[in-house]
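Take a look at the structure set out below.
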Amino acid sequence: MSFFVELKRRNVFRVGIAYGIATWALLQITDVITPILELPEWAPKLIFVFLAVGLVPALIFAWAFEMTPEGLKKEKDVDRTQSITRDTGRKLDFAIIGVLLLAVGMLLVDRYSGERPEAVAKEIEKSIAVLPFVNMSSDKEQEFFSDGITEEILNSLAAVKELKVAGRTSSFAFKGQNDDLRKIGDTLGVEHILEGSVRKSGTTIRITAQLIQVEDGFHMWSETYDRELTDIFAIQDEIATEILKQLKAQLLDEELEVLVSQRTDPEVYDLYLQAKQRLYTRTGPTIESAVALLDKAIELDPDYVPAYSQRAIATLLLSKRSYGSIPELEATRLAKRYIDNALRIDPQSAEAWAALGLYHNSRAAEHEQAIEALTKALNINPNLIDASNWLQIAVNSTGDPRAAMQILEDMTEKDPLYKPAFGNAISSFNQFGQIDKAQALIEQFRQFYPNDPMLLRADATVNFFRGDSARGLILAEQAYGLAPSDAVMHFSFSIGLSMTGQTERIAEEGREFFKVDALDALGRREEAFQLAYALANEGYIGNLFELFNRANRSQDLVDYLEERWPGLDAFAADYPHGDFGYGLMTDVAYAYSKTGNQQRFDDALMLVEAAVSKLSDQGVDNFVTMSRNAQYFALAGQYDEAITQLEKSIDRGMRSGLPLDRDPIYALLRDDPRFADLQAELIDKTNEQRAILNLPAIEL
């Protein structure tokens, strides 16, 4: 018998193969657990050496010994006629196949379970923040010019899909500060920083720019540009192109082009930059001053599209609904004229498409058009952070809050200090019951704006959704004190008063939406109706519908609706369900049930049911939605589920100083003995919060 045949008979080859595959599997497991157990880097190498050395003894052992039914014996002591090496070989074959399957599975998991660390690291490397260029001009009023240059370069880089560019707001948060580059890079999530300076003197300009690697402070590239102001656009494009060239040499995979700026006269460009910087402040007076500058720019260059686009945005922001006093219809009409001019001159203007998206957002039932316009704007220039914010508003308005939240998460990752996204993200996290995420974002924001009203308001809302209404009110009142003209701060302050049962203060200090209920609770129903009608004339009909039902005037609600809308579908188109439920349609359903119109009651309740299901499928999870769900189930006659939803709502944070059965829909549950217990529990929890504020207890 040949030596080769004997090796095969004694299963030496099979043992070697099985040993090799098992060694590979063990090394893969070691690679996974080494960082988890914080083992030293040399641990996997040592294990490999031990396993490699062990191969020889394993082969010798396979040659010298044989497994028998009586146990392990030396091969020379086994009768060949009684040998079971064939059976042992088959078992080894199955073992090898099993280990091979395990190896293939591990390879597939490693290949498809997510991004490899090196791929993630590479993605992070393709990132940059453009810090505000320092104004070195003798005239400090030229600050807007250096900021504008920075922003134009930032926009050019942001148009490159392969490059992650930190948002404007977060980059500008470091203006005038001398922070360590590693801190800036860590905060903004980037590996490269562009910084520089601008010196403007007469008709000449000097721009210095340098590209720095965050990790070690290495200056990858620097350059100084001395030009006439007539070449300012060429300078911006040249700097952006050179940066891409430097990054491409190390990071980017293909030849890329920058977004080219539209040319105009230097004076027009000055006016445009000043106006744009003022628009960022989002206050009525500064927006009005921006309008004057943009009008002058358009007068000097009737073909300058960026000025038309920003003029449209400014007009919409000055509507009564936003920061100004222009009637809504007039604001949209004027804005559309500027938008049409912009798109006629340049159909590929990102700013113009963004303005068109804001225009559609300002009009009822045009959310799909808004999404289309804003998506186009962001495809042209992904750095338009306002367009992203307006996009998430439009998406949310179509009844897809989950998709809107994803947009907000992407925005806060790219531009974590952009206040509108910050505030909206907190609201979204609260809506979905993701309080921990909301708190984490607040703590990140607090590092840069510790006493900002927006931060205080956000912190207040998180406390409200936890049921800590006393702490929430304290924070909301601080925010309102810092920004008394801000309607959003006033709204949050009013929520705090309501959740701590301060009805008298609401009647005196609260927003109109809260005053209606407070006035009615204080026995001032006539005043409540006067205010509710005034709000309805402005398009806010919720308070009036609630008051109609509470005053046993459901027929008046039905008459009001049917005089203005041909049917419930038309009404629902103008007033779809909100982020937390469909309270308005619930009031409509109740009114039809009281007036004996069964068909309309069924139709209205079906619309409410659809909203409840949709929000539930989306994952909306908070005490406000639960309380609205309780109303739906009460109307549907599902009293057990209504009680369950109310229990959950109170447990999750619902607080009120007024008894539940003031609401005629909740009053349908009075005959259930559990309802009285729930009312008592609600007042007890509210009194716990009132005690923190040194307020007397409320009695039922």
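The values are calculated or read from the model by the stated rules, or taken from the named source; none is laboratory data. This is a predicted model, so every value here is computed, not measured. FYI the Cβ positions are ideal-geometry reconstructions off the backbone, even for glycines, and counts take in every protein chain you see.
Brief remarks follow.
- Selection status of Gln618, over 23 Å from Asp400 (Cβ atoms) and either surrounded by fewer than 20 Cβ atoms within 10 Å (Cβ to Cβ) or free of Cβ contacts under 8 Å to residues at least 12 places away in the same chain (or both): no
- Subset tally (residues that are part of a helix (DSSP H, G or I), in contact (Cβ under 8 Å) with a residue 40 or more places away in the chain and more than 9 Å from the chain's Cα centre (by Cα)) for the stretch 399-426: 5
- Once the stretch 512-530 is narrowed to residues that are within 25 Å of Tyr592 (Cβ to Cβ) and more than 32 Å from the chain's Cα centre (by Cα), the residue that is surrounded by the fewest Cβ atoms within 10 Å (Cβ to Cβ) is Arg525.
- Restricting Asn383, Asn396 to residues that are in contact with an Asp or Glu (Cβ under 8 Å, 6 or more places away or on another chain), of a type outside the set (Asp, Glu) and either modelled with pLDDT under 90 or on the phi > 0 side of the Ramachandran plot (or both) narrows the list to Asn396.
Conditions tested, residue by residue: (1) closer than 20 Å to Asn622 by Cα; (2) surrounded by 14 or more Cβ atoms within 10 Å (Cβ to Cβ).
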{"position": "Asp651", "(1), (2)": "yes, no"}
{"position": "Asp661", "(1), (2)": "no, yes"}
{"position": "Ala667", "(1), (2)": "no, yes"}
{"position": "Arg670", "(1), (2)": "no, no"}
{"position": "Gln679", "(1), (2)": "yes, yes"}
{"position": "Leu682", "(1), (2)": "yes, yes"}
{"position": "Lys685", "(1), (2)": "yes, yes"}
{"position": "Ala691", "(1), (2)": "no, no"}
{"position": "Leu695", "(1), (2)": "no, yes"}
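Conditions tested, residue by residue: (1) within 20 Å of Leu358 (Cβ to Cβ); (2) in contact with a Pro (Cβ under 6 Å, 6 or more places away or on another chain); (3) at pLDDT 85 or above; (4) in a helix (DSSP H, G or I).
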residue	(1), (2), (3), (4)
Leu247	no, no, no, yes
Val268	no, no, yes, yes
Tyr272	yes, yes, yes, yes
Arg282	yes, no, no, no
Ile287	yes, no, yes, yes
Leu294	yes, no, yes, yes
Ser309	yes, no, yes, yes
Ile313	yes, no, yes, yes
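- Where helices (runs of 4 or more DSSP H) sit wholly within the stretch 466-585, those with at least 3 residues that are among the hydrophobic types (A, V, I, L, M, F, W, C) and touching a helix residue (DSSP H, G or I) at 6+ places or on another chain (Cβ under 9 Å) occupy 469-482, 487-499, 512-521, 525-537, 542-550, 554-564, 568-574.
- The stretch 481-517: number of residues that are in contact (Cβ under 8 Å) with a residue 24 or more places away in the chain, in contact with a Phe, Trp or Tyr (Cβ under 9 Å, 6 or more places away or on another chain) and not charged (D, E, K, R): 9
- Evaluation of Asn549 against the conditions (1) surrounded by fewer than 20 Cβ atoms within 10 Å (Cβ to Cβ); (2) touching a Phe, Trp or Tyr at 6+ places or on another chain (Cβ under 6 Å) shows that the sole unmet condition is (1).
Matching residues to (1) modelled with pLDDT of 85 or more; (2) in a helix (DSSP H, G or I); (3) in contact with a His (Cβ under 8 Å, 6 or more places away or on another chain):
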{"site": "Ala121", "(1), (2), (3)": "no, yes, no"}
{"site": "Pro132", "(1), (2), (3)": "yes, no, no"}
{"site": "Ser137", "(1), (2), (3)": "no, no, no"}
{"site": "Phe144", "(1), (2), (3)": "no, yes, no"}
{"site": "Ile153", "(1), (2), (3)": "no, yes, no"}
{"site": "Lys161", "(1), (2), (3)": "no, no, no"}
{"site": "Asp179", "(1), (2), (3)": "no, no, no"}
{"site": "Lys183", "(1), (2), (3)": "no, yes, no"}
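- From the list Gln369, Gln348, the one residue that fits, being closer than 15 Å to Thr332 by Cα, assigned by TED's automatic domain parsing to the domain that holds Ile326 and surrounded by fewer than 21 Cβ atoms within 10 Å (Cβ to Cβ), is Gln369.
- Any chance Glu527 is acidic (Asp, Glu) and more than 30 Å from Asp684 (Cβ to Cβ): yes
- Matching entry among Asp603, Asp671 (being assigned to a helix (DSSP H, G or I), farther than 26 Å from Ser428 by Cβ and either in contact with a Cys (Cβ under 7 Å, 6 or more places away or on another chain) or not assigned by TED's automatic domain parsing to the domain that holds Ser494 (or both)): Asp603
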